[in-house]
1. Using the structure shown, decide if Glu66 is out of contact with any helix residue (DSSP H, G or I) (no Cβ under 6 Å at 6 or more places or on another chain), open to solvent by less than 50 Å² (accessible area, probe 1.4 Å) and among the charged types (D, E, K, R).
2. Filtering the stretch 133-150 down to residues that are part of a strand (DSSP E or B) and among the small types (Gly, Ala, Ser), which residue is surrounded by the most Cβ atoms within 10 Å (Cβ to Cβ)?
3. Are any of the residues in the stretch 158-167 within 18 Å of Arg62 (Cβ to Cβ), surrounded by fewer than 19 Cβ atoms within 10 Å (Cβ to Cβ) and in contact with a helix residue (DSSP H, G or I) (Cβ under 8 Å, 6 or more places away or on another chain)?
4. Would you confirm whether or not the stretch 70-83 contains a residue that is of a type in the set (Asp, Glu), open to solvent by 40 Å² or more (accessible area, probe 1.4 Å) and part of a loop (DSSP other than H, G, I, E, B)?
5. For the stretch 38-54, give me each residue that is in contact with an Asp or Glu (Cβ under 9 Å, 6 or more places away or on another chain) and aliphatic (A, V, I, L, M).
6. Of all residues in the stretch 27-56, count the ones that are open to solvent by 80 Å² or more (accessible area, probe 1.4 Å), farther than 30 Å from Trp151 by Cα and either among the charged types (D, E, K, R) or under 26 Å from the mean Cα position of the chain (by Cα) (or both).
7. Within the stretch 95-143, which residues are more than 20 Å from the chain's Cα centre (by Cα) and β-branched (Val, Ile, Thr)?
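The values are calculated or read from the model by the stated rules, or taken from the named source; none is laboratory data. These figures come from a predicted structure and were not determined experimentally. A quick note on method: Cβ atoms are made from the backbone with ideal geometry, for glycine too, and the neighbour counts reach across all protein chains shown. SASA here: full protein model, heavy atoms, side chains in, ligands and nucleic acids out. Shrake-Rupley method; radii C 1.70, N 1.55, O 1.52, S 1.80 Å.
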Amino acid sequence: GRWAGFAEASGPMELGGSRAVVEVIKEDGFFRRSEAVELRSASLSLQVNALPEDITRQEVGRYEVEAELDPPDLMVGDAAQLSIKVTGAGDLAAFPMTVPPLPKGLRAFNAQRQVDLWRESEFVGGTLSWTLPVQATRPGRFTIDAFVVRWFDPELGQIKEEILGPFELQAKGSEPNAAGDARDRIGPRANVRPMGPIGGLRDQVGAPVWA
């Protein structure tokens, strides 16, 4: 068998050897008997490299990122889906996602996330699907400004960025009846820090170590 672990601190690391007990069948003429044999593997020594100062271990991996807003045209009160997919090697379950700033007239519901892991691969990874329902509360044309997803690629030794958007949304219909709709703005007003994933390669903080 094998297991994977993600380093959480830089510096030297010692991985103790594994232990297994197996039953061995021995034959002596007409007789057969079983004997328990203990097997041990050698320990492993690793040097975990430090990450850049503004990178956390949740932002380490080798990824491809794509996004879409569907449908781009809808009626007031209906919701479109802002979908982001992150695919690659890394600890996708810990990949931090944040709601991008939305313009006045759009509101967000709770985002849904799902991770589908690779079953047969030498790396820990798969696809993270993150979906945010976005509802139009009034008619008009709206723009969700472009935002950045970034991560540190341990194989290249570089911070990589993917710019998503901008996304256009057209809502048709009448104005809401309730005056002073409190749902005008959802999400932060300030600039949002770029999002980023995780996981990656051997001998790097946040990278899986196979044994």
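1. On the way: out of contact with any helix residue (DSSP H, G or I) (no Cβ under 6 Å at 6 or more places or on another chain): yes; open to solvent by less than 50 Å² (accessible area, probe 1.4 Å): no; among the charged types (D, E, K, R): yes.
Here the answer is no, as Glu66 does not meet what is asked.
2. Initial filter on the stretch 133-150 (part of a strand (DSSP E or B)): 133-136, 140-144, 147-150.
Cutting the leftovers down to among the small types (Gly, Ala, Ser) gives us 136, 140.
Numbers: Ala136: 22, Gly140: 17.
Only one residue fits best here, namely Ala136.
3. no
4. Step one: of the stretch 70-83, the residues of a type in the set (Asp, Glu) are 70, 73, 78.
Retained after the next criterion (residues that are open to solvent by 40 Å² or more (accessible area, probe 1.4 Å)): 70, 73, 78.
Imposing the further condition that a residue be part of a loop (DSSP other than H, G, I, E, B) reduces the set to 78.
Yes, because at least one residue in the stretch 70-83 is of a type in the set (Asp, Glu), open to solvent by 40 Å² or more (accessible area, probe 1.4 Å) and part of a loop (DSSP other than H, G, I, E, B).
5. Taking the stretch 38-54 as the starting set, the residues that turn out to be in contact with an Asp or Glu (Cβ under 9 Å, 6 or more places away or on another chain) are 43-49, 51.
Residues satisfying the conditions are Leu44, Leu46, Val48, Leu51.
6. Residues meeting the conditions: 6.
7. Residues satisfying the conditions are Val134, Thr137, Thr143.
Listed here are the residues, each with its yes/no results for (1) touching a helix residue (DSSP H, G or I) at 6+ places or on another chain (Cβ under 8 Å); (2) at pLDDT 90 or above.
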| position | (1), (2) |
| --- | --- |
| Gly125 | yes, yes |
| Thr131 | no, yes |
| Gln135 | no, yes |
| Pro139 | no, yes |
| Phe142 | no, yes |
| Glu175 | no, no |
| Ala182 | no, no |
